[in-house]
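Structure first, then comments.
The values are calculated or read from the model by the stated rules, or taken from the named source; none is laboratory data. Owing to the predicted nature of the structure, the values given are computational and were not obtained by experimental measurement. Neighbour counts are summed over all protein chains in view; Cβ atoms, including those assigned to glycine, are modelled from backbone coordinates with ideal geometry. Protein only, heavy atoms only, side chains kept; ligands, DNA and RNA dropped before computing areas. Shrake-Rupley method; radii C 1.70, N 1.55, O 1.52, S 1.80 Å.
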Amino acid sequence: MPGEGNGKSLWVVRELGLPTIVKTCVSCRSTRHHPAGKFRVNANGKLLDVWMLISCELCGRTSKIPVHERIHVQSLDHERLLRFEANDPVMVRHLAMDAALAGRASYRLDWSGAWELETDLPFYDLEQASSPLEVFVRFELPAPVRVGKLLTAGFGLSRAAVRGMVDSGRIHLPAGVDAKVREDFTFLVVPPREGGKERSPVPGPPASRG
């Protein structure tokens, strides 16, 4: 941990819901879908097809997202198969947020409204602070969020102000301010300059766990 005596803060990217599945509906041409909470498993001899069912937000038409195609029954973990057959909500949640599945099935995920940032700030005065602040950012869901957006939301600052603090060395980040992150990381805020100099040299934050 950098700097003994540092203030510490926890920011949590909290889950508000599942991302919207952006895929054109063949009936009404809307592009917004949500998981129907069910899977469909079809057996053809020793081969299985597994689909996640989704519903069009506008017309309600049900569509299928291929999860497994023509997979040998012995190649699919039995517990996983049982979860598909039971429409396990944990499995629905996991696959509804799976960016790799979205890539394979040629749709994208819209994370708007799926998360919010919860912080225990603004007790930390950015201008009057006399000691560094170490901020731990924890993700409850793998929403890709731009680092700068987290900083503007967490500190209540404009994008220009955040970028200025990063450029001046006030904020030490493990990734660029324009980078998108989806896993836990830590960053450090150092006190403002005093007499044109930093109060004390402070090591940068630990590397991202993602």
| Lone unmet requirement of (1) closer than 30 Å to Met91 by Cα; (2) at pLDDT below 95 for Pro205 | (1)
| request: Looking only at region 137-159, decide whether some residue is at pLDDT 95 or above, small (Gly, Ala, Ser) and in a helix (DSSP H, G or I). | output: yes
| message | Can you find a residue that is within 21 Å of Ala96 (Cα to Cα), open to solvent by 60 Å² or more (accessible area, probe 1.4 Å) and out of contact with any strand residue (DSSP E or B) (no Cβ under 9 Å at 6 or more places or on another chain) anywhere in region 10-26? | response | yes
| field | Single condition Ile65 does not satisfy, out of (1) surrounded by fewer than 16 Cβ atoms within 10 Å (Cβ to Cβ); (2) part of a strand (DSSP E or B) | value | (1)
| message | Of everything in region 98-119, what is basic (Lys, Arg) and within 18 Å of Gly17 (Cα to Cα)? Give them in sequence order. | response | Arg108
| task | Might you check whether a residue that is of a type in the set (Gly, Ala, Ser) and within 30 Å of Leu151 (Cβ to Cβ) occurs anywhere in region 35-42? | result | no
| query | Quick one: how many residues across region 68-100 are without any contact (Cβ under 8 Å) to a residue 40 or more places away in the chain and not in a strand (DSSP E or B)? | reply | 16
| task | Go through region 133-168 and count every residue that is touching a Lys or Arg at 6+ places or on another chain (Cβ under 9 Å), over 30 Å from Val90 (Cα atoms) and open to solvent by 20 Å² or more (accessible area, probe 1.4 Å). | result | 4
| query | Out of all the residues in region 160-186, which are closer than 24 Å to Leu141 by Cα and either of a type in the set (S, T, N, Q) or free of Cβ contacts under 8 Å to residues at least 12 places away in the same chain (or both)? | reply | Thr186
| said: Just the residues that are free of Cβ contacts under 8 Å to residues at least 12 places away in the same chain and either touching a His at 6+ places or on another chain (Cβ under 8 Å) or not in a loop (DSSP other than H, G, I, E, B) (or both), please, taken from region 10-43. | reply: Asn42
